[in-house]
Amino acid sequence: GAGVSQSPSNKVTEKGKDVELRCDPISGHTALYWYRQRLGQGLEFLIYFQGNSAPDKSGLPSDRFSAERTGESVSTLTIQRTQQEDSAVYLCASSISQGGQPQHFGDGTRLSIL
Amino acid sequence: DQQVKQNSPSLSVQEGRISILNCDYTNSMFDYFLWYKKYPAEGPTFLISISSIKDKNEDGRFTVFLNKSAKHLSLHIVPSQPGDSAVYFCAASGTSNYQLIWGAGTKLIIKP
């Protein structure tokens, strides 16, 4: 489809393992965002890409979290040495330009850390 | 410090009636506001937005009202339909700032 695509849709892993989450934005959207949503809470900003650069990484919770984007397209969010508090839905969004609204969201990856 | 607050975790409305969802914000630098709708296991879907230069924006059954002096906005859905049952999120940003600040959401239940 033409929307934002995220994979996997669900991920269950053991504490201490590394996980990689993928996002395919809408074609032509230069801005890409990662958010985290914990149960019963609003979305929490993690990181923003303009093209392949990340001008703002301020929302990343710790140095275990990293993200990259290549070809001004696909982005991956990597969490190393996962902890139980990392359990959440990780949402990716894209918008047509920097500061452009609205942001269009994928269906998220539900991450469960055992 | 929550900059965007949705104080009602849930709201139940009879089908055909008006649904009013409320949102308050604290940051006077916010100048653009959005409402998103979210079904379980899906990402948020954009509904309607409003710039701070306006006090009302209407799109079909959905109208957003902005009261800047009160730092309050509301989403009106008229008439409410069963498919409107979802969690509604209010989000805010400055036009110079890409980052959206989100409320915690209000679960709307439309009763048949």
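If you go through the stretch B:53-83 and keep only what is among the hydrophobic types (A, V, I, L, M, F, W, C) and more than 14 Å from chain A (Cβ to nearest Cβ), you end up with B:I53, B:F65, B:L66, B:A70, B:L73, B:L75, B:I77, B:V78. Only residues that are away from every other protein chain (no Cβ under 14 Å) and modelled with pLDDT of 95 or more were counted across the stretch B:84-112, and they come to 6. Go through the residues of the stretch B:41-58 one by one and say whether even a single one is basic (K, R) and either touching a helix residue (DSSP H, G or I) at 6+ places or on another chain (Cβ under 8 Å) or farther than 28 Å from A:D107 by Cβ (or both). Scanning the stretch B:41-58 turns up at least one residue that is basic (K, R) and either touching a helix residue (DSSP H, G or I) at 6+ places or on another chain (Cβ under 8 Å) or farther than 28 Å from A:D107 by Cβ (or both). The single residue among A:A67, A:A54 that is away from chain B (no Cβ under 13 Å), part of a strand (DSSP E or B) and surrounded by 18 or more Cβ atoms within 10 Å (Cβ to Cβ) turns out to be A:A67. Restricting attention to the stretch A:72-109, the residues that are assigned to a loop (DSSP other than H, G, I, E, B), surrounded by 14 or more Cβ atoms within 10 Å (Cβ to Cβ) and at pLDDT 95 or above total 7. All of (1) among the hydrophobic types (A, V, I, L, M, F, W, C); (2) in a loop (DSSP other than H, G, I, E, B); (3) touching a helix residue (DSSP H, G or I) at 6+ places or on another chain (Cβ under 6 Å) hold for B:F30 with one exception: (3). The single condition among (1) in contact with a Gly (Cβ under 6 Å, 6 or more places away or on another chain); (2) free of Cβ contacts under 8 Å to residues at least 60 places away in the same chain; (3) part of a strand (DSSP E or B) that B:W35 does not satisfy is (1).
The values are calculated or read from the model by the stated rules, or taken from the named source; none is laboratory data. Just so it is clear, the model here is predicted, and its values are computed rather than measured. No Cβ is skipped: glycine too gets one built from the backbone with ideal geometry, and neighbour counts run over all protein chains shown.
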